[in-house]
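Below you'll find the structure, written out as structure tokens, and then a few comments.
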Amino acid sequence: MAAVFAAWIMVTILVLEAAIVMGGFQPTLKLDRRIPLVSHEFELSRLRERDRLRHGRLLQSSGGVVDFPVQGTYDPFLVGLYYTRLQLGSPPKEYYVQIDTGSDVLWIGCNSCNGCPDSSGLRIELNSYDPGSSSTSSLISCSDPRCNAGLQSLDSGCSGQGNQCSYTFQYGDGSGTSGYYVSDLLHFDTILEGSMTANSTAPIMFGCSVLQTGDLTKSDRAVDGIFGLGQQGLSVISQLSSQGTAPKVFSHCLKGNNGGGGILVFGEIMEPNMVYTPLVPSQPHYNLDLRSISVGGQVLSIDPSVFSTSSSRGTIVDSGTTLAYLADEAYDAFADAITKTVSQTVRPVLSKGNQCYLITSSVADIFPQVSLNFAGGASLILNPLDYLVQQSSIGGAAVWCIGFQKIQGQGITILGDLVLKEKIFVYDLENQRIGWTDYDCSMSVNVSANLNSGRTEFVNAGQMSNDGWSRDQLRNVIPLLIPIIVLFSYHIVGILELTHLVFVV
């Protein structure tokens, strides 16, 4: 009977775990494809143009772990951006904002906005921020020290009317946004030691947009605003770390397939294979010192000065860019090396100025690895899917194109979502460095929070859906259910023994 009892416990645990995973408790966040398209007939020139608009601004710009949900995907044929959900105000209201490491300020479309979209092709509900409906909202005056910080970045100004601290973010073609700064409460989940979560709030300064122009007025990929995660003083990560609410480091892991999503945390994701390279000092963006590029293990003959950092050159990490871009002088050498490596296996073709290839087998079996080599010996290894984009099909052959694009006449290299996906990226502002490693972004991660108090917390963070738990949380719940299972098993064993007695009699 002891054997029956032990076996029953084992069967019950296995059945329970299977039921949790396969039943109503989803172990990972499942995202619907946001923009269904008839085909992959989508011109790369349109993606380049969309990225160019945001690059206009890039070029013109002289308590515990905080966990944010992530939606969206790098795939330009579906969404082409990653976004998260924030809660602001009292009572709190939800807003969807694009995750953007290429800018500093969080801004939200306001209720008085002219040109703000009122619907989104992402199938999310858009909300406008109304300062008058939040009991904790206040305007930022021109005399506020935080306004002076914005003035130093050349993005802010002072309005004589009402003494309001205002801003204007202008893009290269005239598209942009303008508005005024407000202060209100940010509501967020803080993960404490042992993966326990606590609801937290902190006052932050952010933009209230009253005017949007150009592509920002379009509804196909519209969100409520931009979540600037740059390193300047007005970014949310800088504000929270200065308050001692969050560590001065944040990390993301952007999922590249199966609907996208991923992880965004204020804290340092800890992985044994992380490599780090220093940030180039005194730069407004996340500039890295790129030294060389290797294709198939061979270093390309590119003058190192092509990658040097100046007011018009450099390598920038930008999660707000969909594709990736190489300095003008480096692109041709890169594309030629790829073509030379695969020309015996695939048919190279030009499609509207893009270097493409007709392929009838797996790109992973044909195309070489690419290595971006940075200062300090850190290399960013790119597999074929990290630099290729499937564009269309011709006669049973897939058309794959190089996803890296050329910025004509510019010496800027930009690492966008095409490169950043399926990797952990850590932005260590405290130590002025960026690190990365390959990772399955559907998995949970271990995060360290080195707080101003000197206390370091190690917690487990991962993706959680609205209607389910993470796989690790499910496994943590099972031990708590074992006493119930044991009592239930005793009951079953008693019934079996009674049945046995009845049969014996």
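The values are calculated or read from the model by the stated rules, or taken from the named source; none is laboratory data. Computed from a predicted model, the values in this text were never measured in an experiment. Counting neighbours? That spans all protein chains shown, and the Cβs are built from the backbone with ideal geometry, glycine included. In case anyone asks, the SASA skips ligands and DNA or RNA and just uses the protein heavy atoms, side chains included. Shrake-Rupley method; radii C 1.70, N 1.55, O 1.52, S 1.80 Å.
What the table below lists for this structure:
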item: Computed E for Met443/Asp365 - FRET, C-beta separation, R0 22 angstrom, nearest 0.05; result: 0.30
item: Distance histogram in 10 Å bins (all Cα pairs of the stretch 227-289, percent per bin); result: 18, 43, 35, 5
item: Potential lengthening between Asp118 and Glu329 on full extension [0.36 nm per residue; Cα-Cα distance subtracted]; result: 71.8 nm
item: Protection proxy ranking, peptides 103-109, 181-187, 332-338, average beta carbon neighbours within 10 Å, highest first; result: 103-109, 181-187, 332-338
item: Most to least packed among 428-434, 163-169, 258-264, 391-397 [average Cβ atoms within 10 Å]; result: 258-264, 163-169, 428-434, 391-397
item: Debye, to nearest 20: dipole size of the stretch 334-461, +1 on Lys, Arg Cβ, -1 on Asp, Glu Cβ; result: 420
item: Ile124 accessible area, 1.4 Å probe, all protein chains in place, Å² to nearest 10; result: 20
item: Heavy atoms of Lys352 accessible to a 1.4 Å probe, total area in Å² rounded to 10; result: 130
item: The stretch 159-299: relative contact order in percent, alpha carbon pairs under 8 Å with at least 6 residues between; result: 14
item: Simple spin-label estimate for Thr217 and Ser242 in nanometres, 7 Å along Cα-Cβ; result: 3.5
item: Qualifying lysines (Cα of each under 30 Å from Cα of Lys93; at least 8 residues distant if same chain); result: Lys30, Lys218, Lys248, Lys255, Lys421
item: Met443, Met274, reordered so the largest accessible area comes first (probe 1.4 Å); result: Met443, Met274
item: Extended-chain gain in nm, criterion 0.36 nm per residue less alpha-carbon gap, Asn257 and Glu94; result: 56.1 nm
item: Solvent-accessible ranking of Asp440, Asp289, largest area first, probe 1.4 Å; result: Asp440, Asp289
